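Comments concern the structure below.
No lab work stands behind these numbers, since they all come straight from the coordinates. The shown structure was predicted, so the numbers you read here are calculated from the model rather than taken from an experiment. Methodologically, a virtual Cβ is constructed for each residue, glycine included, from the backbone with ideal geometry; neighbour enumeration extends over all protein chains shown.
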Amino acid sequence: MNILILGSGGREHTFAWKIDQSPLCKNIFVAPGNSGTAQIAENVAVSVTDFEAIKALVLSKAIDMVVVGPEDPLVEGIHDFFLNDDALKNVSVIGPQKAAAQLEGSKEFAKEFLFRHNIPTAAYQSFEAKDVEEGYIFLDTLKPPYVLKADGLAAGKGVVILNDLKEAKAELKRMLVDAKFGKASSKVVIEEFLDGIELSCFVLTDGKHYKILPTAKDYKRIGEGDTGLNTGGMGAISPVPFADEVFMKKIEEQIVKPTILGLQKDNLPYKGFVFIGLIKVGDEPKVIEYNVRMGDPETEVVLPRLKNDLLELFQSIANQTLNEQDIIIDERAATTVVLVSGGYPEDYKKGKEIIGLEKIDESIAFHAGAELKDGKIVTSGGRVMAITSYGKTYQEAIKKSYQNIEKLHFDKMNYRKDIGFDL
Ligand code: AMP
Ligand code: GLY
């Protein structure tokens, strides 16, 4: 098969790395890709949301399957675009159709779905600019901290958590009335605060059947001890040590099954990954959010632990025969540590040469914001590289990642030295 992967991060390098191991794979193309995908696939300079350019690429390279990495093309309806085009309708797309992608594209849609299907989640109400006064009154009824969420996609920045009621009201006004996040905050979901430890559950579905993939935990804050600004993710661990069999059974019965059934009942066509962001409150799992794609950097620890042929799984998703597959998981733990540009998640410089990659041993360097320039690998983004290792325990794996990071360097390289500290 000829495969096109859309995206340019560590997630997409990991997809390419895993798909390259499949005997079913002939050629891999990545749009737009990075210096890591360039080593195993052909990069094509096409944007993930330029559907006409993607169509031309799919036809000229005789692509059989498109694997969608990020959420934007899904929320904009790339799967529907393929189904509605006579020349593309037989090309498989891994990723939900537009209606189902609203689970990530709209927080209000996701909350309504969760309540309709009795899936445990935080209490909420949603407000538009015209009801800002009602929003203030609702905030008065809640205890701090106050959780405010822009309804639409806001590049991972749309959730604000505040301790002070006055500040929460001012923030609500900024979001609704002053359009802090543009159209994304024309609606705001105000939510009950859930106190607990977070983890993520990844599910593959063909729309009828599902398979649960390994769990993972990511570290979103820039600073050690989970302090400072939110980032895309500074590291990840799989499996999550506190997600034992009893807890996983609860996740499956109370959350995964009703989610897949809910998609069917609501007629939301879904062939792809469901990323369920969870929080463990006491002994009970509750849903914080749905994403309609894999996580980054969670992919860099989940796929390395998957022993199955990923293309075989994807084919069974396309044919709706996922029930015939058995998921086989590597017993070892996997960890990843993300190297970032100094200054990220705020301003940072690009174009810094990355030195020492050839010295890495017993770890895998998944490239993210890194590109080839004049024969050198240089930084091109905030999150530059994810260094993944295996170990009998996550402690052993993380030690390997840190040993290899010692061999790497670029100007103002930064990373968290405490991944796994809270486990
Ligand atoms: P989201 O974009 O919905 O995943 O939210 C971003 C982060 O905000 C989550 O990873 C949580 O750490 C936090 N968060 C979101 N909703 C809640 C909630 N109801 N209670 C506590 N923390 C939350
Ligand atoms: N690491 C979180 C995400 O991919 O959304």
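Overview of results
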{"item": "GNM result for the chain, Cα springs below 10 Å: residue of Gly105, Gly356, Gly295 fluctuating most strongly", "result": "Gly356"}
{"item": "Computed label-point distance, nm, for sites Asp411 and Ala45 using a 7 Å Cα→Cβ extension", "result": "2.4 nm"}
{"item": "Computed E for Glu128/Leu83 - FRET, C-beta separation, R0 30 angstrom, nearest 0.05", "result": "0.40"}
{"item": "P(r) histogram, all alpha-carbon pairs of the chain included - 20 Å bins from 0, percent", "result": "26, 60, 14"}
{"item": "Highest-MSF residue in the chain out of Ala236, Ala155, Ala318 [GNM, Cα springs under 10 Å]", "result": "Ala155"}
{"item": "Among Ala150, Ala123, Ala370, residue whose mean-square fluctuation peaks in a GNM of the chain (springs only between Cα atoms under 10 Å)", "result": "Ala123"}
{"item": "Cα-projected label distance for Ile328 with Glu396, points at 7 Å along beta-carbon direction, nm", "result": "2.1 nm"}
{"item": "Mean Cα-pair separation over length for the chain, i.e. relative contact order, pairs under 8 Å, 6 or more apart, %", "result": "17 percent"}
{"item": "The range 346-423 and the range 144-190: distance between their alpha carbon centers, rounded to Å", "result": "33 Å"}
